[in-house]
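FYI, it's all coordinate maths here, none of it is from the lab. Computed from a prediction, not measured in an experiment: that's the story for all the values here. Neighbour counts run over all protein chains shown; Cβ positions are idealised from the backbone, glycine included.
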Amino acid sequence: MSPTRKNLWSPVRWAENGAVRLAFDSLTEGADGEPLLLATGLGANRLWIPDGLCRMLAAQGFAVARYDQRDGGESTHLPPTSTGNPITALFARRGAAYTAEDMADDTVAVLDALGWRSAHLMGVSLGGAVAQRVALRHPGRVRTLISMAAVPGDTSGLRTMRYIRLGTLAKFARLRFPDTPEGALAAGVEVSRLLASPNRPFDEPAAREAVARNVDRGIHDPQAQSRQIGAQWHGPSISAVTHPALVLHGADDPLIKPGAAKAIASRIPGSRLVLLPRVGHELPAYAWADVAAELRAVADTYRTLPRPSVD
């Protein structure tokens, strides 16, 4: 018998990194598989990662867990800062609230709370940049690196803009919705529309149903997003990553250009680049099987490598 949505995921648990509490949960299917931790994107909570994809990953032999970044979902939200606009936050010299190193350490705090000495690590969008940084800062905790729909993790400020479609960014900046459940629902549908592939018909009823199950105010919280995007990286170049790496990107991504994925793959030695046809800045159902198969393939390469020490 298939599990209901209610019992598909464990009860929420908490990890701590200093004063920051991080919400996470685990898929009840495939709990004996290889550890796989999923990191989400800018402002988004962990529920944006589709259940169907997670179940396919479990069927491929993974024990799946996911968490909310700081300033997202149920995790700690930091106090307001002077920069309350994600676009201007890109140009700040330094993050006013926290650093990218802090966000990488959050990931390790979640691994500790899960009892995982190491795990395959997949990050989507902002989570992809975070995952790259974890591989650099805590190499012994990462088995394989999967970066999807992300910019290079060592890029910041003006250098980031070469990878961003400014027209889409401007559309996001013009979105205005009330801070109510109804406003969050409307915002979620419009964000889904903006991020979808332009080469597939947008299914608004399906998007509305999905958003109704996950009314996430974080996707239209410019203060929280500006703190996340303003977190600056001070560590080494991603060319220092030594893990088996998979770089996924939607060929039709309307927000981050596929050139970002090509740049990541060209700089991480031995990484595999996969451009997903008719995929935008999203995880559509028709691409789940391909994504899960690619994760299985890169995870299989880990089995043949010498085991790194845990830092």
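Pulled fully out, how much extra length does the chain show between Asp290 and Arg162, if you take 0.36 nm times their separation in residues and subtract their Cα-Cα distance?
43.3 nm
Multiplying the sequence separation of Glu182 and Asp102 by 0.36 nm and subtracting their Cα-Cα distance, what value in nm do you get?
Gain in length upon complete extension: 25.5 nm.
With a cut-off of 17 Å, note down the residues of the stretch 29-51 whose backbone N falls inside the zone around a label point 7 Å from the Cα of Arg213 toward its beta carbon.
29, 45-51
Set Lys and Arg Cβ to +1 and Asp and Glu Cβ to -1, take the dipole of the chain about its Cα centre, and tell me which of Val130, Trp48, Tyr286 lies farthest positive.
Among Val130, Trp48, Tyr286, the one farthest towards the positive end of the dipole of the chain is Val130.
About its Cα centre, what dipole magnitude does the stretch 5-302 give when the only charges are +1 on Lys and Arg Cβ and -1 on Asp and Glu Cβ, stated in debye to the nearest 20?
740
Given a 10 angstrom Cα cut-off, can you work out which residue in Asp32, Asp154, Asp102 is the most mobile in a GNM of the chain?
Most flexible of the set in this elastic network: Asp32.
What is the calculated FRET efficiency for Phe202 to Thr304, with r their C-beta to C-beta distance and R₀ = 51 Å, to the nearest 0.05?
Working from the Cβ atoms, E equals 0.75.
If you place +1 on the Cβ of every Lys and Arg, -1 on the Cβ of every Asp and Glu, and leave all else neutral, what size is the dipole of the stretch 4-68 about its Cα centre, to the nearest 20 Debye?
With only Lys, Arg, Asp and Glu charged at Cβ, the dipole is about 220 debye.
Given the Cα-Cα distance of Asp112 and Arg278 and 0.36 nm per residue of separation, how much length would full extension add, in nm?
56.1 nm
Could you check which residue among Gly61, Gly153, Gly41 shows the biggest mean-square fluctuation in a GNM of the chain with a 10 Å Cα cutoff?
So, out of Gly61, Gly153, Gly41, the one fluctuating most is Gly61.
So for the pair Leu175, Ala297, with labels modelled 7 Å out along Cα→Cβ, what separation do we get in nm?
3.2
Beta carbons within 10 angstrom, averaged per residue: use that to sort the peptides 72-79, 105-112, highest first.
105-112, 72-79
Could you state the principal axis extents of the C-alpha atoms in the chain, from the largest down, to the nearest angstrom?
51, 50, 40
Considering only C-alpha atoms, what is the centroid distance from the stretch 238-269 to the stretch 109-131, in Å?
Taking the Cα centre of the stretch 109-131 as reference, the centre of the stretch 238-269 is 17 Å away.
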